[in-house]
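Presented below is the structure to which this report refers.
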Amino acid sequence: MLTCGCAFLAAMGLFAQTSQEMAAYFTQRIEHPSTFVPAQGASLSPEGLDAARANVWAAWQEANARLDEPRLPALRPLTADTKGALVLPDTLEPSATMDYYWGSKGEARPAAGWPVYIYLHGSGPRDREWSNGLRFATSLFEDAPSAYFVPRIPNEGGYYRWWQRSKQWAWSWLLRQLMLQEAVDAHKIYVFGISEGGYGSQRLASFYADYWAAAGPMAGGEPLKNAPAENCRQIGFSLLTGAEDTGFYRNELTGLVQEAFDSLQAQHPDAYRHRIQLLPGQGHNFDYRPTTPWLREFERNPWPAEFSWEDFEMDGWHRTGFYNLVVKRRPDEHLRTRYDVEIAGNRIDLAISDVHYQTVKVDPKWGIELDFARTYTPATGGELTLYLNEHLVDLEREVTVYVNGRQVYQGRVECSVGPMMESLGTFYDRERIFPAAIDIKY
């Protein structure tokens, strides 16, 4: 239900649409996420942003409430009985259901809401691994007060992974559901896992970094091409692997991840906060308890003034956008694109590059590509939308945008309801309801 009546909204000049029209727009965006439809809305003054956001959010809640879809159960203390099931679309994976535990631990909900930990289990028999996940969450991991989402992988088999497209659909559903939960702290969502869950959480850490406060893979170690470290510029990242864990080169790959994060943090001392360790004398199994206490010290910044994004595909799918940047046309469909965004005052600099990979090391047994060299060339021919809010720029002054050193925009940006609806419909994020947008071709 909206927090104020339509007559009041019309008098304030906040909306061109009714709440029903906004809800219908949001329903279309949820059901057809790959189809972008521009939103129209009345202009806003800076003083009207908070009221407009509240009502756009209310329309979003109304649209979600109307959908015929599974929802997260009410949050109760985490036990074997606090569980649900999510049926994945047959078009992505036939006969696939992601069962999950969902519950809280700790005596009282924090004032800002429950921090949420998403735990991904390993690749052993899934019922045993899922049961272990519940046991770890309730009695091993020390992070209360907290809430836990502990899924069981929908199926088993060769090369069946947490990051494939049917599971990506599940993560999109989950993030939307978590953002709708008023009891959840949207600044404290964490992803972590062990073994196969370590691989999965490392990939998801990079792919969805704009949603996490921190990520904590354990006993894994992905090749960096599968989880570019650059994307983790604004989150906490912990990777613990046994120094003797030679299976699939986990220890060697963890060492390469450490080198990458160390180098990035040296270039950006206030970013790339990480703890990556090869644990002496340890193999694939070790003490997993140190991860969540380290993760819980981090909070998400949903509007960073600086971030990096290597736009890569995961099982054939690309993200639509990252933080406040939405891609309308990638400059080269055959290459990855890297975006480096820096905002200082009202000047926005975007360095946009085509990424060229060269494999420099392959293991002789499995053919795993272990290490890579990258080169970059300036990208051309792309289109994007840059969303802005009062946390990023002074909306009452001119904004200047440069792409690869060339000025592409200068002027005042208009605030309106349309960008709020578009950005919320894109990211599902109650912290990213942006009132202004600049469309850029380069």
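Worth a mention:
- Looking across region 369-399, the residues that are in a strand (DSSP E or B), farther than 15 Å from E333 by Cα and either of a type in the set (D, E) or touching a residue at least 40 places away in the same chain (Cβ under 8 Å) (or both) come down to E369, L370, D371, F372, T385, L386, Y387, L388, V399.
- Looking across region 103-141, the residues that are more than 25 Å from S172 (Cβ to Cβ) and either touching a His at 6+ places or on another chain (Cβ under 6 Å) or among the basic types (K, R) (or both) come down to K105, R109, R128, R135.
- Within region 341-368, the residues that satisfy the criterion of being out of contact with any helix residue (DSSP H, G or I) (no Cβ under 7 Å at 6 or more places or on another chain), surrounded by fewer than 17 Cβ atoms within 10 Å (Cβ to Cβ) and not in a loop (DSSP other than H, G, I, E, B) are E342, A344, R347, D349, H356, Q358, T359, V360, K361, V362.
- Checked across region 219-226, the condition of being touching a Gly at 6+ places or on another chain (Cβ under 7 Å), under 27 Å from R176 (Cβ atoms), touching a residue at least 12 places away in the same chain (Cβ under 8 Å) and part of a strand (DSSP E or B) holds for no residue.
- Qualifying positions in region 232-260 - part of a helix (DSSP H, G or I), within 21 Å of the chain's Cα centre (by Cα) and buried (at least 23 other Cβ atoms within 10 Å of the Cβ): C232, V257
- Here Q61 does not fit the description of being polar (S, T, N, Q), modelled with pLDDT under 95 and either more than 23 Å from the chain's Cα centre (by Cα) or in a helix (DSSP H, G or I) (or both).
- Residue tally, condition closer than 14 Å to W114 by Cα, open to solvent by less than 10 Å² (accessible area, probe 1.4 Å) and of a type outside the set (S, T, Y), over region 178-196: 5
- Residue selected from region 261-281 under the condition among the aliphatic types (A, V, I, L, M) and crowded, with 19+ Cβ neighbours inside 10 Å, by the criterion nearest to A213 (Cα to Cα): I276
- Condition broken by R53, with the remaining ones in (1) closer than 14 Å to S423 by Cα; (2) touching an Asp or Glu at 6+ places or on another chain (Cβ under 9 Å); (3) at pLDDT 95 or above satisfied: (2)
- Hey, G221 closer than 29 Å to K365 by Cβ, in contact with a Phe, Trp or Tyr (Cβ under 6 Å, 6 or more places away or on another chain) and open to solvent by less than 50 Å² (accessible area, probe 1.4 Å) or not: no
- When S416, S423 are screened for being over 20 Å from K225 (Cα atoms), among the small types (G, A, S) and open to solvent by 10 Å² or more (accessible area, probe 1.4 Å), only S416 passes.
- Residue list for region 126-149, restricted to those being in contact (Cβ under 8 Å) with a residue 24 or more places away in the chain and open to solvent by 40 Å² or more (accessible area, probe 1.4 Å): R126, D127, T138, L140, E142, A144, P145
The values are calculated or read from the model by the stated rules, or taken from the named source; none is laboratory data. Since this is a predicted model, take the numbers as computed values, not measurements. Note that we place each Cβ from the backbone using ideal geometry, even for glycine, and neighbour counts take in every protein chain shown. Calculation scope for accessible area: heavy atoms of the full protein, side chains included, ligands and nucleic acids excluded. Shrake-Rupley method; radii C 1.70, N 1.55, O 1.52, S 1.80 Å.
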